[in-house]
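Written out below as structure tokens is the structure these notes cover.
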Amino acid sequence: MTARTGAQRLGAGTAAAAAGLAAWGHFEAGWVKLETVDCVVPGLSAELDGLRIAHLSDFHLGFPSRGTRAVERAVEWVAERKPDLVLVTGDLLSRRRGEQHLRALLARLPNCFAVLGNHDFATSRDPFSQPAELYDLGSATLLADDTRTIELRGRKVQVVGIDPRSYRRSRARPDRLADPKADLRILLCHFPDVIDRLPEGAFDLVLAGHLHAGQICLPWFSGRLRLSQVRWTYVRGLYRRPAGVLHVSAGLGTTFVPFRLLARPEATELTLRSAP
């Protein structure tokens, strides 16, 4: 074999591997994981034990990707299960053309509260991102540095939502909105590191998204190597911290590239449990 032939074969093999990864990444972007997770909340009242909360995040609608199919399947699943609450943690749109679709999907979700993310205001590294100018979400309640209190199972449940713009400017003070008389205090913030900015016991449950579980990951000695967001501490799943229990969603859509690799999109139903 000549050096030239070897180089040609190497190049062909590399191209084939890249094409295979791209094909898988395209497939995985729509291969949504639908899971139920028990979430132990210390101090949860007996009446709220078993409360079901669907957590969705990072739709990125308007961006051409199989992530749109993941969002549609997740909404269909949640609508079928009819949880007590549906909570959505931002980055709903990447392009304004997805707004009509977004409203149609949110209309299917029962008792839904949402916050926006940085992509909804086009504050990202995506050069084609467009500000969505969302001021209301129709049947879903949009929270932006404000709060709502509802009654579930005879108990007061407070939902606080943070505007991503005030959060990034370090002006948000979600703990000041927390109602100490509420039986369950929930914070929605697009960014997971909010948990480290809160005083101890500020909220019972904190929900966030933003990171897409890395979106593009590679196998590594310790598990998975994220090619983006490498410095973040809270990436996906449940974390117990002094300020409260944090759940970070892997989200549903994609951004920058229409692929996911070892970071499947997901929708999660949290079933709250009292501490033993």
Exercise. Out of L246, L270, L252, L207, which single residue is assigned to a loop (DSSP other than H, G, I, E, B) and within 14 Å of S57 (Cβ to Cβ)?
Worked result: L252
For this session: Scan segment 196-219 for residues that are out of contact with any Phe, Trp or Tyr (no Cβ under 7 Å at 6 or more places or on another chain), closer than 27 Å to I150 by Cβ and aliphatic (A, V, I, L, M) and report the count.
Result: 5
Exercise. Residue check, R173 against (1) touching a Gly at 6+ places or on another chain (Cβ under 9 Å); (2) open to solvent by 10 Å² or more (accessible area, probe 1.4 Å), all met but one. Which one?
Worked result: (1)
For this session: Test L51 against the stated conditions and say whether it is among the hydrophobic types (A, V, I, L, M, F, W, C) and closer than 15 Å to L142 by Cα.
Result: no
Seminar exercise, completed: Scanning segment 176-196 for residues that are open to solvent by less than 20 Å² (accessible area, probe 1.4 Å) and not in a helix (DSSP H, G or I), the one farthest from R240 (Cα to Cα) turns out to be A182
For this session: Collect the residues in segment 88-147 that are crowded, with 17+ Cβ neighbours inside 10 Å, part of a strand (DSSP E or B) and in contact with a helix residue (DSSP H, G or I) (Cβ under 9 Å, 6 or more places away or on another chain), keeping them in residue-number order.
Result: V88, L93, C112, A114, V115, L137, A140, T147
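Do you know which residues across segment 155-170 are touching a residue at least 24 places away in the same chain (Cβ under 8 Å) and either buried (at least 17 other Cβ atoms within 10 Å of the Cβ) or closer than 16 Å to H119 by Cα (or both)?
Filtering segment 155-170 down to residues touching a residue at least 24 places away in the same chain (Cβ under 8 Å) leaves 155-165, 167-168.
Once the filter is applied, which keeps residues that are touching a residue at least 24 places away in the same chain (Cβ under 8 Å) and either buried (at least 17 other Cβ atoms within 10 Å of the Cβ) or closer than 16 Å to H119 by Cα (or both), segment 155-170 yields V157, Q158, V159, V160, G161, I162, D163, P164, R165, Y167, R168.
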Seminar exercise, completed: With the first residue restricted to segment 237-261 and required to be over 19 Å from L272 (Cα atoms), and the second required to be hydroxyl-bearing (S, T, Y) and surrounded by fewer than 21 Cβ atoms within 10 Å (Cβ to Cβ), Cβ contacts under 7 Å at 6 or more apart or on different chains are none
For this session: Could you run through segment 31-65 and say how many residues are within 16 Å of L252 (Cβ to Cβ), at pLDDT 95 or above and assigned to a loop (DSSP other than H, G, I, E, B)?
Result: 6
For this session: Test each condition in (1) open to solvent by 60 Å² or more (accessible area, probe 1.4 Å); (2) part of a strand (DSSP E or B); (3) closer than 25 Å to D49 by Cα for P219 and report the one that comes out false.
Result: (3)
Problem set entry | The lone exception for P258 - which of (1) surrounded by fewer than 21 Cβ atoms within 10 Å (Cβ to Cβ); (2) within 16 Å of the chain's Cα centre (by Cα); (3) under 16 Å from V32 (Cα atoms); (4) at pLDDT below 95 it fails | (2)
For this session: Please identify the pairs in which a residue from segment 119-143 that is within 22 Å of R173 (Cα to Cα) has its Cβ atom under 9 Å from the Cβ atom of a residue that is part of a loop (DSSP other than H, G, I, E, B) and of a type in the set (S, T, Y), counting only partners at least 6 apart or on another chain.
Result: H119/S94; H119/S129; H119/T255; D120/S94; F121/S129; T123/S129; L142/Y135
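Tally time: how many residues in segment 167-183 are over 15 Å from G43 (Cβ atoms) and in contact with a helix residue (DSSP H, G or I) (Cβ under 8 Å, 6 or more places away or on another chain)? Give the steps one after another, and end with the answer.
Restricting attention to segment 167-183, the residues satisfying the condition of being over 15 Å from G43 (Cβ atoms) are 167-177.
Narrowing further to those that are in contact with a helix residue (DSSP H, G or I) (Cβ under 8 Å, 6 or more places away or on another chain): 167-168, 172, 174.
Selection size over segment 167-183: 4.
The values are calculated or read from the model by the stated rules, or taken from the named source; none is laboratory data. Because the structure is predicted, anything quoted here is derived from the model rather than measured. Quick reminder, even Gly has a Cβ in these numbers, built from the backbone with ideal geometry, and neighbours come from all protein chains shown. Protein only, heavy atoms only, side chains kept; ligands, DNA and RNA dropped before computing areas. Shrake-Rupley method; radii C 1.70, N 1.55, O 1.52, S 1.80 Å.
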